[in-house]
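To keep things clear, I will list the structure first and then write my remarks on it.
The values are calculated or read from the model by the stated rules, or taken from the named source; none is laboratory data. Just so we're clear, the structure is a prediction, and the values are computed from it rather than from any experiment. No Cβ is skipped: glycine too gets one built from the backbone with ideal geometry, and neighbour counts run over all protein chains shown. Protein only, heavy atoms only, side chains kept; ligands, DNA and RNA dropped before computing areas. Shrake-Rupley method; radii C 1.70, N 1.55, O 1.52, S 1.80 Å.
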Amino acid sequence: MKIKNEIFEIRGAPLEGLNPLPKFRRRKPDMHKTSDRFPAYLKEDLGTYTKVLPYLMQDRYSRRRDLLKLKSFVLENEYLRVRFLPEYGGRLYSLFDKVHGEELLFANPVIQPGNLAIRNAWLSGGIEWNIGNFGHTVTTCDNVFAAVLQDGEGNDFLRIYEFERLKSIFWQVDFHLPDNSPYLQVHVRMVNLFSEDTTTYWWSNVAVPEDGHTRVLSSGKQVISFTDKGCDFERLPYIDAMPGQDITYPRNATRSFDYFIQEEDPNASTWEAAAYKNGLVFYERSTAPLYYKKLFCWGNHHAGKHWQEYLSDGEGTGYYAELQAGIAPSQLHDKKLPANSKYEWTQCFGGVKLEAERLYDENFDAACDYFDGNLNSFLTAEKIAALNDKLTELADMPVTPADILHNGSGFGALEAIRMKMDGEGEPPASMCFPESTIGKAEQRWLHLLKDGCLAQEDVRAIPDSYMISGKWKKHLENALLGEKKNWVSLLHYGVMAYEIGDHTCVANKVYDEAKDAEQIKAARKAWQESAALAPNVWAYRNLAVLENQAGDGDAAEKYYDLAVGLDGAYDDYALVSEYMTFLLKRREYAKIWQIFETLPDNCRCVDRIRITAAAAAVKLDQLAYLEQFFSEVHHDIQEGENSLTDIWFEYCARRMAKERGITDLTEEVMQQLMDEAWDTCPPDPSIDFRMSFDKKIKYRV
């Protein structure tokens, strides 16, 4: 089997750059409440701590679609044709079943980013490889390395890999499709080369078509579910979170929901499958530690359908459910990867046709037993275990520069240089990071390694990278000594001091109040000194965020005012967009409107800025602006956000007040008018992202 390197043409909205502002973490992890029946052993590692840095936010895209010409790699045998997109995290875009002539995945007909991932941009469809921390991964819309190797039988196989900068983990995924294999063979390896523990996360996220008849079967029956009591523990197919509904059918969901499938044997080979009315079944089976499974669906209601259509090609398109597999009991559980160790496993994907009537048996256990028996006729637990042994050996195969067909970031090569300099060895031979991949974003840090300082820059220079790893701390501290110190080194030291974290503990045990106070103190000192040496937008902005997170909004606003008052403040629109959002939370509507009216064109046209301006405009009775606003196409909407409909209902309420001559718009009168607007003024579907239509559950701006 030979891998084909093909240009894949598809309509889509490309990413248009990075947000230069560092996205700081919340200071405390998220802890999660549990019901009385939630097992004690599942509480041990329950807690999440999502971080973005050192990565930058990917919030720059639109809904204007062009014909994109993407690099793709195709694996094909007599059973399957599989396509991968290395420019989008190595996403497995299509898994076509040649025997039955059907696509097994939801292969999105467009590339349309939406605000659902850790770094904002996310695509629906295909199979996504999630590593790092809670949420859709940092590389989901980024380049990863791709290399083609050969197994001992002369078959090509594809390896994607990267260096995960937040947790300092090297990871790779090998894809094998030898002749006579009815399923794609996937082998994942995550490596911690260093002398201290770290935490990590992995979920393979599979999008399968949801056609109204899709049924999800699984080897496990016990599930972690979610109710108003918190994390619950129940048994399929009926759970309290969706009373009276067989939730193995996504169509029965009255809202978006998910559950995490548990097993009794932690060493078991587990499986999950999606069955269809014609008897076709998509299946995945894996070895430990990829032991846990999950189902997510958007829900069979207007907003759930709208979100799927919004992420795809419009009305009637894009419907899918997610079948996921992970290494922790749920996505709310942290997972420790011990020092000098690795996790690896094998996962297989394929399709088979069976008797539809038995797949849809009213007895869920009977339907699962029927599929299990058929799966074991060609892919037993013993067989996938033996396959795992074989693929583990192939995972050691070294990659040379000549094997690489697509490059990821240059930070892997940069880390290799640092490791050598600090006597920490080198990256795994199975992953090659050529120094030729080091580009502009990495040059600052290469200069730090080689010259012991950060180069002086013009204060209007827009940052393109940050470093928060403790492995770099001594190098950055060295850049603060004597004449080496400048406003740039102080700026970056402040970011590191504020954001550096302890990854040796799981999320629910990591917070240390005294240590946090020290970090805040060090960051404040560094940024104040940076601004004193050379007043710069970035230090003032970071001080504003620091004060806002500390609860001092007045101090934060003063720092934002200093930042936007400097030359270059509007060279990039990120600062003023964030500032306007900050002012909105403080209900400073007049100031928002004043800023908006004086913005240069490169800022005034930005969707998030226009949404924030609209939220202020409705409070100020600037109804003419709102009429134009609602005729525009909006794309910067986060999952769970209802700002557009909130603005719409208040706009309608104020319009009704004008028509009726009501001038005394007390809070009570406005509430009555908005309740009336809720009932009588339905918003255009294009702006309606509400996940609840209960009047008692409203999300006000």
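Can we say residue 27 is open to solvent by 40 Å² or more (accessible area, probe 1.4 Å), within 24 Å of the chain's Cα centre (by Cα) and in contact (Cβ under 8 Å) with a residue 24 or more places away in the chain?
On the way: open to solvent by 40 Å² or more (accessible area, probe 1.4 Å): no; within 24 Å of the chain's Cα centre (by Cα): yes; in contact (Cβ under 8 Å) with a residue 24 or more places away in the chain: yes.
The answer is no for residue 27.
Looking only at region 545-560, filter to residues that are out of contact with any Lys or Arg (no Cβ under 8 Å at 6 or more places or on another chain) and in a helix (DSSP H, G or I); which one of those is farthest from residue 530 (Cα to Cα)? Please lay out each step first, then the result.
Just the residues of region 545-560 that are out of contact with any Lys or Arg (no Cβ under 8 Å at 6 or more places or on another chain), to begin with: 545, 547-548, 550-552, 554-556, 558.
Remaining after also requiring in a helix (DSSP H, G or I): 545, 547-548, 554-556, 558.
Working: 545: 16, 547: 17, 548: 19, 554: 21, 555: 18, 556: 17, 558: 17 Å.
Per the stated criteria, the residue is 554.
Which ones in region 199-232 are buried (at least 21 other Cβ atoms within 10 Å of the Cβ), assigned to a strand (DSSP E or B) and β-branched (Val, Ile, Thr)?
Within region 199-232, 199, 200, 206, 208, 216, 223, 224 qualify.
Residue-wise test of (1) of a type in the set (Gly, Ala, Ser); (2) at pLDDT below 95; (3) assigned to a strand (DSSP E or B).
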{"residue": "37", "(1), (2), (3)": "no, yes, no"}
{"residue": "69", "(1), (2), (3)": "no, no, yes"}
{"residue": "74", "(1), (2), (3)": "no, no, yes"}
{"residue": "78", "(1), (2), (3)": "no, no, no"}
{"residue": "82", "(1), (2), (3)": "no, no, yes"}
{"residue": "87", "(1), (2), (3)": "no, no, no"}
{"residue": "92", "(1), (2), (3)": "no, no, yes"}
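Looking for something buried (at least 21 other Cβ atoms within 10 Å of the Cβ) and more than 26 Å from the chain's Cα centre (by Cα) - is there at least one such residue anywhere in region 246-269?
Scanning region 246-269 turns up at least one residue that is buried (at least 21 other Cβ atoms within 10 Å of the Cβ) and more than 26 Å from the chain's Cα centre (by Cα).
Determine which member of the set 105, 53 is of a type in the set (A, V, I, L, M, F, W, C), more than 23 Å from residue 4 (Cβ to Cβ), assigned to a loop (DSSP other than H, G, I, E, B) and open to solvent by less than 10 Å² (accessible area, probe 1.4 Å). Steps first, please.
On the way: 105 fails: more than 23 Å from residue 4 (Cβ to Cβ).
Every option except 53 fails the conditions.
Take region 294-349 and flag every residue that is on the phi > 0 side of the Ramachandran plot and either buried (at least 17 other Cβ atoms within 10 Å of the Cβ) or among the charged types (D, E, K, R) (or both).
Initial filter on region 294-349 (on the phi > 0 side of the Ramachandran plot): 299, 314, 316, 318, 340.
If the condition is that a residue be on the phi > 0 side of the Ramachandran plot and either buried (at least 17 other Cβ atoms within 10 Å of the Cβ) or among the charged types (D, E, K, R) (or both), then 299, 318 are the ones that fit.
Has region 121-130 got at least one residue that is more than 21 Å from residue 14 (Cβ to Cβ) and touching a Lys or Arg at 6+ places or on another chain (Cβ under 6 Å)?
No: region 121-130 contains no residue that is more than 21 Å from residue 14 (Cβ to Cβ) and touching a Lys or Arg at 6+ places or on another chain (Cβ under 6 Å).
Please list, ordered by first then second residue, the pairs with beta carbon atoms under 7 Å, 6 or more apart or interchain, first in region 408-428 and under 23 Å from residue 91 (Cα atoms) and among the hydroxyl-bearing types (Ser, Thr, Tyr), second part of a loop (DSSP other than H, G, I, E, B) and open to solvent by 20 Å² or more (accessible area, probe 1.4 Å).
Here the result reads 409/143, each pair linking region 408-428 to a residue that is part of a loop (DSSP other than H, G, I, E, B) and open to solvent by 20 Å² or more (accessible area, probe 1.4 Å).
Cβ-Cβ under 7 Å, sequence separation 6+ or interchain: first residue in region 380-400 and in contact (Cβ under 8 Å) with a residue 40 or more places away in the chain and of a type outside the set (Ser, Thr, Tyr), partner open to solvent by 30 Å² or more (accessible area, probe 1.4 Å) and not in a helix (DSSP H, G or I). Which pairs?
Short answer, once both residue conditions are applied: 395/344.
Within region 561-616, can you find the residues that are more than 24 Å from residue 531 (Cβ to Cβ), out of contact with any helix residue (DSSP H, G or I) (no Cβ under 7 Å at 6 or more places or on another chain) and open to solvent by less than 20 Å² (accessible area, probe 1.4 Å)?
If the condition is that a residue be more than 24 Å from residue 531 (Cβ to Cβ), out of contact with any helix residue (DSSP H, G or I) (no Cβ under 7 Å at 6 or more places or on another chain) and open to solvent by less than 20 Å² (accessible area, probe 1.4 Å), then 607 is the only one that fits.
For residues that are part of a loop (DSSP other than H, G, I, E, B) and under 18 Å from residue 108 (Cα atoms), scanning just region 123-143, find the one that is most open to solvent (accessible area, probe 1.4 Å).
The initial filter retains those residues of region 123-143 that are part of a loop (DSSP other than H, G, I, E, B), namely 123-126, 132-135, 137-143.
Next, only the ones that are under 18 Å from residue 108 (Cα atoms) stay: 123-126, 140-142.
Values: 123: 8, 124: 5, 125: 7, 126: 2, 140: 4, 141: 7, 142: 46 Å².
My answer is 142.
Can you tell me which residue within region 547-567, out of those that are touching a residue at least 60 places away in the same chain (Cβ under 8 Å) and touching a Phe, Trp or Tyr at 6+ places or on another chain (Cβ under 9 Å), is nearest to residue 493 (Cα to Cα)?
Initial filter on region 547-567 (touching a residue at least 60 places away in the same chain (Cβ under 8 Å)): 549, 566-567.
Add one more test, that the residue is touching a Phe, Trp or Tyr at 6+ places or on another chain (Cβ under 9 Å), and what stays is 549, 566.
Working: 549: 19, 566: 22 Å.
Residue satisfying both the conditions and the ranking: 549.
Does any residue of region 154-166 turn out to be among the basic types (Lys, Arg), part of a loop (DSSP other than H, G, I, E, B), touching a residue at least 60 places away in the same chain (Cβ under 8 Å) and open to solvent by 10 Å² or more (accessible area, probe 1.4 Å)? Even if it seems obvious, please write down each step before you answer.
Within region 154-166, the subset among the basic types (Lys, Arg) is 159, 165.
Checking which are part of a loop (DSSP other than H, G, I, E, B) leaves us with 165.
Next, only the ones that are touching a residue at least 60 places away in the same chain (Cβ under 8 Å) stay: 165.
With open to solvent by 10 Å² or more (accessible area, probe 1.4 Å) added as a condition, the list becomes 165.
Yes, region 154-166 has at least one match.
Having 2 or more residues that are touching a Ser or Thr at 6+ places or on another chain (Cβ under 8 Å) and of a type outside the set (Lys, Arg) is the bar; report the helices (runs of 4 or more DSSP H) wholly within region 299-375 that clear it. Before you say what the answer is, go through the steps one by one.
Values: elements: 302-310, 356-359, 364-375.
Counting at least 2 such residues, we get 302-310, 364-375.
From the residues in region 475-506 that are in contact with a Cys (Cβ under 7 Å, 6 or more places away or on another chain) and of a type outside the set (Ser, Thr, Tyr), which one is surrounded by the fewest Cβ atoms within 10 Å (Cβ to Cβ)?
Within region 475-506, the first condition is being in contact with a Cys (Cβ under 7 Å, 6 or more places away or on another chain), and the residues that meet it are 479, 484, 489.
In the following step, the residues that additionally are of a type outside the set (Ser, Thr, Tyr) were identified as 479, 484.
Values: 479: 21, 484: 14.
Among residues in region 475-506 that are in contact with a Cys (Cβ under 7 Å, 6 or more places away or on another chain) and of a type outside the set (Ser, Thr, Tyr), the one surrounded by the fewest Cβ atoms within 10 Å (Cβ to Cβ) is 484.
In region 350-390, how many are open to solvent by less than 10 Å² (accessible area, probe 1.4 Å), of a type outside the set (A, V, I, L, M) and closer than 30 Å to residue 149 by Cα? Give the derivation first.
Applying the first criterion (open to solvent by less than 10 Å² (accessible area, probe 1.4 Å)) to region 350-390 yields 350, 359, 364, 367-368, 371, 375, 379, 384.
Subsequent filtering for residues that are of a type outside the set (A, V, I, L, M) retains 350, 364, 368, 371.
Adding the requirement that they be closer than 30 Å to residue 149 by Cα leaves 350.
Selection size over region 350-390: 1.
Conditions (1) under 16 Å from residue 165 (Cα atoms); (2) assigned to a loop (DSSP other than H, G, I, E, B); (3) open to solvent by less than 50 Å² (accessible area, probe 1.4 Å), marked per residue:
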site	(1), (2), (3)
392	no, no, yes
415	yes, no, yes
420	no, no, no
427	yes, yes, yes
449	no, no, yes
460	no, yes, no
473	yes, no, no
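Only residues that are of a type outside the set (S, T, N, Q) and either under 15 Å from residue 468 (Cβ atoms) or at pLDDT below 95 (or both): list them for region 148-169, please.
Of the residues in region 148-169, the ones of a type outside the set (S, T, N, Q) are 148-149, 151-154, 156-167, 169.
Passing the criteria: 152, 153, 154, 163, 164, 165, 166, 167, 169.
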